[in-house]
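Notes follow once the structure below has been shown.
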Amino acid sequence: MAETLTGAQALIKALELEGVEVMFGVPGGAILPAYDPMLDSPMRHILARHEQGAGHMASGYAHATGRVGVMVATSGPGATNLITPLQDAHMDSIPVVAITGQVATGSIGNDAFQEAHTWGISMPCTKHNYLVTDVNDIPDVIHEAFHLAATGRPGPVLVDIPKNVLASTMKWHRAGRLDLPGYKPRDKGHPKQVKAAIELLQAAERPVLYLGGGVIRAGASQEALAFPELANAPAVTTLMGRGAIPDSHPLCLGMPGMHGNYTAVTAMQQADLLFAVGARFDDRVTGDVATFAPGAKIVHVDVDPAEIGKVRNADVPIVGDARSVLVQLTETLARKLGGKPAPARTEWFEALHGWQEAHPLRYEQDPEGPIQQQYVIQELHRITGGDAVVVAGVGQHQMWTSQFWGFERPNTWINSGGLGTMGYAVPAAIGAQVALPDQTVFAIDGDGCFQMTFNELIAAAVEGIPVKIAVMNNHALGMVKQWQRLFYNERYSAIDLTDHTPDYVKLAEAMGCVGLRAEHPSEVGPTLEKALAVDDKPVVVEFRCDPDAMVFPMVPAGGSNDDIVLSADDLNRG
Amino acid sequence: MNHVISVLVENKPGVLARISSMFARRGFNIHSLAVGPTADPAMSRMTVVIDGPEMEQIIKQLYKLVHTVKVTELEVGDRIDREIMMVRVNAEPGRRAEILEAARIFDAEPVDVGIATVTFVMSGEPARLADFLELMRPYGITDLAKSGRIAMAKDPKSKDAARTSLRSA
């Protein structure tokens, strides 16, 4: 006979059946029933200090593993605090499931205590969402939610469950067959389109592969390297696609876009074929769309048909999973080549190598200081041999990390690309460290970002999560300061975070973390070594950095990629 | 230009909100939207009339919603469409006869008569409704309610027949 379970017990059981090993959450009134059976479950629950932290932890966990991250919150403010992480995951296609408590069904719509219209509020920032009104629906809804989050174009799914539904009972049954008549993500691309794409590629003299986060989400890194190798075509990796193929590979041109390197940006501008895979022609990549890659034909491979033609019309659209389509493309090309090598494209590669030589990413570290953030990043890379998962917040430090780290593997770069969520790094790094307890997880954070979410380090300290956080302290909201300097006549408004408050070492220690500080370039390496030696609690390392450094290259917002600015001097010269 | 889209959706709570929210957040301009059940109780059909030159992105965004099963753009000539309206017109006793005569020609049914107004119900092709409204405008329209258009694709066989007869004409 089927056992009788409460809705809460059924929820926990359904989550276990989905293979959930850890949840990140904060309890409260309406979700209370679900927290009781958690005590009897092997699933781990990490108590975040704010629901936003719980959400980004789930996202960091999902980023690091490709598995669905789970966040839990109560009704009202608990649920509304999840909105930022949900929208963040929505923009970056990160598979997460949010479970929220809701006031009892009889109170919905009555402005009850801690009531918010979670279903309505979360609708535009989730891939799909549910309000469960019948306890018997719980197994099916949880199964669907995980299926939707992880398949096709991944994304966030929210399940809102009223307290009385959690408290009422049901005869337990496992989820039935998925009943989603309108949801059929495509796996393979249309063979005719694949053939057409290869024909364009064969004819192209200046092709560029444009690899986005979709390649990483699809687990298609190997395939994304095999294809350009066979085709003898260079590739750029976007902010979300960093690590899709190794930066050290001769065909990898690095990051394009607003703060991309000269060669990656210019290669796209000069290309006669842009071959986009799992990328969405984001405005931070294209700059002014009208003048973006003006001579390029477009092949666009994406699992989400709505991305194709959204910003730029595709000459050859291919709907399908990045990995499956890359396999098809490689096979089709191999057949076409019939054992002969792909075109040499000597002129194109000569041009690319010329740009690389003339305009490398550059910075100068004065041995007397102040510390440059790029130097910290390179020192960390040297000491770890690049064997670390790197997490960033949003701003200058994020761009420098993406530019200077040198990514060799997928899923080793975790950041908030689409939404640009300041404060993302600390909780996301905690989530990644929970997923990968034996890996070095190092967040590179700004002081502005750190002050938004450092409270989550208390949770990490209590749980013994040995995550490392570098606080790049330039005592300012650095990117905002950069824009005010360049575009607002150096009229600095609301960017000053002050020189000595807080004391980051004392703050770290007060939260139960190890606190370290480096003030001089000579201290950077040794301080990082000290931080890496800690393996039982979080470490916060403050680097007192140059307050006036700016990120270059830069394409001013809305400007043409042809007008890439390599240094502040360039800009002043007009 | 007006486009008519027929959207087959799962008949689930909130499905209308999902669709209208998507239109709003993507900045698509809806002219009218009518929803109702279909022969299959698990499905509803929405007929959406949209202003705009580009339908491709709208159709793709509709498909992206999990509850959307089928989206069809119905082209002029390949569709049957109807709209229903109620219109209240000023009708002083001296002009009532001519108003009722016009209504008779247009098959508009008088359903409510007051001292100085007549209210008609009329259904038909949207263009015909518009013609009747133009005719009534000089008398003074005091109230108007329209259902929004509903539409369906023609049976492919009937379309073939229509084309044949057009060709032979």
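The values are calculated or read from the model by the stated rules, or taken from the named source; none is laboratory data. The structure presented is a predicted model; accordingly, all values stated were derived computationally and were not measured. Heads up, the Cβs are rebuilt from the backbone with ideal geometry, glycines too, and the neighbour counts pull from every protein chain shown.
Structural remarks
- The one condition in (1) closer than 24 Å to B:LYS154 by Cβ; (2) in a helix (DSSP H, G or I); (3) modelled with pLDDT of 95 or more that B:ALA127 fails to fulfil: (3)
- Screening B:ALA102 on (1) away from chain A (no Cβ under 12 Å); (2) part of a helix (DSSP H, G or I); (3) modelled with pLDDT under 95 shows it passes everything except condition (3).
- Within the range B:131-158, the set of residues being under 20 Å from B:ILE5 (Cβ atoms) and assigned to a helix (DSSP H, G or I) comprises just one member, B:PRO156.
- Of all residues in the range B:1-19 being more than 11 Å from every other protein chain (Cβ to nearest Cβ) and either assigned to a strand (DSSP E or B) or at pLDDT below 95 (or both), the one that is surrounded by the most Cβ atoms within 10 Å (Cβ to Cβ): B:VAL4
- From the list A:ALA314, A:ALA306, A:ALA244, the one residue that fits, being among the hydrophobic types (A, V, I, L, M, F, W, C) and either under 20 Å from A:GLU350 (Cβ atoms) or away from chain B (no Cβ under 14 Å) (or both), is A:ALA244.
Okay, residues lined up against (1) over 29 Å from A:ASP88 (Cβ atoms); (2) touching a residue at least 24 places away in the same chain (Cβ under 8 Å); (3) of a type outside the set (Asp, Glu); (4) buried (at least 19 other Cβ atoms within 10 Å of the Cβ):
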residue: A:GLY354; (1), (2), (3), (4): yes, no, yes, no
residue: A:GLN365; (1), (2), (3), (4): yes, yes, yes, no
residue: A:TYR375; (1), (2), (3), (4): yes, yes, yes, yes
residue: A:GLN398; (1), (2), (3), (4): no, yes, yes, yes
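Every residue, every condition in (1) surrounded by fewer than 20 Cβ atoms within 10 Å (Cβ to Cβ); (2) within 26 Å of the chain's Cα centre (by Cα); (3) on the phi < 0 side of the Ramachandran plot, yes or no:
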| residue | (1), (2), (3) |
| --- | --- |
| A:MET511 | no, no, yes |
| A:LEU516 | no, no, yes |
| A:ALA533 | yes, no, yes |
| A:VAL540 | no, yes, yes |
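- The residue that is nearest to B:ASN29 (Cα to Cα), counting only those in the range B:46-55 that are more than 14 Å from every other protein chain (Cβ to nearest Cβ) and among the hydrophobic types (A, V, I, L, M, F, W, C), is B:ILE50.
- Total residues in the range A:119-173, condition without any contact (Cβ under 8 Å) to a residue 12 or more places away in the chain and either aromatic (Phe, Trp, Tyr) or within 20 Å of A:ALA34 (Cβ to Cβ) (or both): 1
- Meets criteria (surrounded by fewer than 22 Cβ atoms within 10 Å (Cβ to Cβ), closer than 21 Å to A:PRO305 by Cβ and more than 14 Å from chain B (Cβ to nearest Cβ)) for A:LYS195: yes
- Considering the conditions (1) within 25 Å of the chain's Cα centre (by Cα); (2) without any contact (Cβ under 8 Å) to a residue 12 or more places away in the chain, A:GLU523 is excluded by exactly one of them, (1).
- Residue-level check: of (1) farther than 19 Å from A:ASN164 by Cβ; (2) within 11 Å of chain B (Cβ to nearest Cβ), A:HIS143 misses just (2).
- Filter pass, A:ASP111 being crowded, with 24+ Cβ neighbours inside 10 Å and among the acidic types (Asp, Glu): no
- Restricting the range A:317-349 to residues that are among the charged types (D, E, K, R) and within 27 Å of the chain's Cα centre (by Cα), the residue that is nearest to the other protein chains (Cβ to nearest Cβ): A:ASP321
- Test: residue in the range B:25-45 that is part of a loop (DSSP other than H, G, I, E, B), in contact (Cβ under 8 Å) with a residue 40 or more places away in the chain and either within 11 Å of another protein chain (Cβ to nearest Cβ) or exposed (fewer than 15 other Cβ atoms within 10 Å of the Cβ) (or both): no
- Filter result (outside any helix (DSSP H, G or I) and buried (at least 24 other Cβ atoms within 10 Å of the Cβ)) within the range A:452-464: A:PHE454
- Identity of the residue in the range A:199-223, more than 20 Å from A:PRO341 (Cβ to Cβ) and of a type in the set (Gly, Ala, Ser), that ends up surrounded by the fewest Cβ atoms within 10 Å (Cβ to Cβ): A:GLY219
Okay, residues lined up against (1) under 23 Å from A:TRP483 (Cα atoms); (2) buried (at least 21 other Cβ atoms within 10 Å of the Cβ); (3) in contact (Cβ under 8 Å) with a residue 40 or more places away in the chain:
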| residue | (1), (2), (3) |
| --- | --- |
| A:GLU229 | no, no, no |
| A:ALA233 | no, yes, yes |
| A:VAL236 | no, yes, no |
| A:GLY241 | no, yes, no |
| A:ILE245 | no, yes, no |
| A:LEU253 | no, yes, yes |
| A:MET258 | yes, yes, yes |
| A:VAL265 | yes, yes, yes |
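- Check on A:ARG174, touching a strand residue (DSSP E or B) at 6+ places or on another chain (Cβ under 7 Å), of a type in the set (Lys, Arg), closer than 28 Å to A:TYR61 by Cβ and more than 11 Å from every other protein chain (Cβ to nearest Cβ): no
Results for (1) within 23 Å of the chain's Cα centre (by Cα); (2) under 16 Å from A:PRO156 (Cα atoms); (3) in contact (Cβ under 8 Å) with a residue 24 or more places away in the chain, shown as yes or no for each residue.
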{"position": "A:LEU11", "(1), (2), (3)": "no, no, yes"}
{"position": "A:LEU47", "(1), (2), (3)": "yes, no, yes"}
{"position": "A:TYR61", "(1), (2), (3)": "yes, yes, yes"}
{"position": "A:GLY66", "(1), (2), (3)": "yes, yes, yes"}
{"position": "A:THR80", "(1), (2), (3)": "yes, yes, yes"}
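- Under the condition of being within 22 Å of A:ALA89 (Cα to Cα) and in a helix (DSSP H, G or I), the residues counted in the range A:199-229 number 6.
- Number of residues in the range B:56-98 that are touching a Pro at 6+ places or on another chain (Cβ under 9 Å), more than 14 Å from chain A (Cβ to nearest Cβ) and buried (at least 18 other Cβ atoms within 10 Å of the Cβ): the value is 2.
- Those helices (runs of 4 or more DSSP H) of the range A:18-132 in which at least 1 residues are within 14 Å of chain B (Cβ to nearest Cβ), considering only elements entirely within it, cover A:83-92, A:118-122.
- Taken together, A:THR84, A:THR126 contain a single residue that is of a type in the set (Val, Ile, Thr), surrounded by fewer than 24 Cβ atoms within 10 Å (Cβ to Cβ) and within 20 Å of the chain's Cα centre (by Cα), which is A:THR84.
- Summed over the range A:177-192, the residues that are within 14 Å of chain B (Cβ to nearest Cβ), basic (Lys, Arg) and either over 26 Å from A:LEU15 (Cβ atoms) or touching a Phe, Trp or Tyr at 6+ places or on another chain (Cβ under 8 Å) (or both) give a count of 1.
- Qualifying position, being in contact with a helix residue (DSSP H, G or I) (Cβ under 7 Å, 6 or more places away or on another chain) and in a helix (DSSP H, G or I), among A:SER416, A:SER402: A:SER402
- Hey, A:HIS173 in a loop (DSSP other than H, G, I, E, B), under 30 Å from A:SER75 (Cα atoms) and modelled with pLDDT of 95 or more or not: yes
- The residue that is nearest to A:LYS310 (Cα to Cα), counting only those in the range B:49-78 that are acidic (Asp, Glu) and outside any strand (DSSP E or B), is B:GLU56.
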